[in-house]
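Written below as structure tokens is the structure these notes are about.
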Amino acid sequence: MSKDGEEPGGNISEEPSSPQQTNLLDSIFREDGPMPPAKIRLRFFAGALDIFLLTAVSLFIIWKIAIPRSHPGAFEELVELSQEMDLSEFIEQWVLANSPETNLSENLQQAATYAFELQLIIFWLYFAFGEAFFSGGTLGKRLLRIRTVSTVTLDKPPVFIGIVRGGTKTFLIFFPLAALLNLFALFFNKRKQMGHDLLSKTAVIDEKFVNLAPKS
């Protein structure tokens, strides 16, 4: 090699790049980058708003519209049962709805299973449509001005990815242990991606600071 860092043939050798420089996504999804990730507290608050809204809407749809048509009398039976039991016993029976130890009638057991399945579908559709068709934002995200983007296209997630991500979020909401495991991914990446973000190749960004010029 010749002096001044020139290689044979006249090419100038480049200094080895640091891992941060070579990782384009880390340079984009950082606090002082062009697409800064949303703070975790904003994501949790947006999620809580969505869950509160969905729970209210889904309970109305299920117990006022769907259950009276599919399992007549189940709602009235549920009200009577709640009056006969204290809250802890009522919750226990509802959790054990499909278990041999339950005291629920067959009609109420079937209604409980149907209600749970329908609620899963409602949550899944809500999150999938929000991610895929509304620029990566549910109502909760819209209110807090955060949204989901694809780490591949840097735009809203494709329809299929939105469906997959919506289903994964729904699963995490109804199975808390899986949700806790999902959070561990935060300790292994710089982009504040949770497990379902990594799985779907997405990230949640803060719209208030999108396109903010990186600090010098």
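Every number in this text was worked out from the coordinates using simple rules, so none of it is lab data. Bear in mind that the values here come from a model prediction, so they are computed numbers and not experimental data. Positions of Cβ are generated from backbone atoms using ideal geometry, with glycine treated the same way; all protein chains shown enter the neighbour counts.
Where only DSSP H runs of four or more residues are counted, the chain gives -16500 deg cm²/dmol as its mean residue ellipticity at 222 nm, each run worth -39500 (n - 2.57).
Classify the range 138-210 from the C-alpha gyration tensor, please: rounded if a/c falls under 1.5, else prolate or oblate depending on whether a/b exceeds b/c. Rounded is the answer for the range 138-210, as its axis ratio a/c remains below 1.5.
How would the range 93-216 be classified by its alpha-carbon gyration tensor: rounded, prolate or oblate, with rounded meaning a/c under 1.5 and the a/b versus b/c comparison settling the rest? Note, shape of the range 93-216 comes out prolate. Please work out whether the chain counts as rounded, prolate or oblate from its C-alpha gyration tensor, where a ≥ b ≥ c are the square roots of the eigenvalues and a/c under 1.5 means rounded, while otherwise a/b larger than b/c means prolate and anything else oblate? Since a/c reaches 1.5 and a/b is larger than b/c, the shape of the chain is classed as prolate.
Enumerate the residues in the range 80-112 having an amide nitrogen under 14 Å from the point lying 7 Å beyond the Cα of Ser70 toward its Cβ. Correct set: 107-112.
Site pair Glu101 and Phe160 shows an inter-label distance of 4.4 nm when each label is modelled 7 Å from Cα along Cα→Cβ. For an R0 of 35 angstrom, estimate the FRET efficiency from the Cβ-Cβ distance between Phe174 and Asn23 and round to the nearest 0.05. Plugging the Cβ-Cβ distance into 1/(1 + (r/R0)^6) gives 0.55. Each listed q (0.15, 0.16, 0.23, 0.26 Å⁻¹) maps to a log10 I(q)/I(0) for the range 93-162, found by the Debye formula over equal Cα scatterers with no solvent: -0.61, -0.64, -0.88, -1.04. Take every pair of alpha-carbon atoms less than 8 Å apart whose residues are at least six positions apart; their mean separation over the length of the range 95-166 yields a relative contact order of 30 percent. Here the calculated FRET efficiency for Phe133 and Thr153, from their Cβ-Cβ distance with R0 = 22 Å, stands at 0.90, rounded to the nearest 0.05. Positive-end ranking of Ala97, Asn23, Phe75 along the dipole of the range 23-127, with charges on Cβ about the Cα centre, is headed by Asn23.
Screening the chain for whole DSSP H helices with an alpha carbon extent of at least 24 angstrom along the helix axis and a mean Kyte-Doolittle hydropathy of at least 0.0 yields 40-61, 106-133.
What the phi angles of the range 136-145 give under the Karplus curve with 6.51, -1.76 and 1.60, with θ = phi - 60°, is a coupling list of x, x, 7, 4, x, 5, 4, 5, 9, 6 Hz, glycine and proline written as x.
Using R₀ = 25 Å, calculate the FRET efficiency as 1/(1 + (r/R₀)^6) where r is the Cβ-Cβ separation of Leu59 and Gln83; round to 0.05. It comes to 0.85. Per residue, the average separation of C-alpha pairs within less than 8 Å and at least 6 apart gives the range 77-216 a relative contact order of 20 percent.
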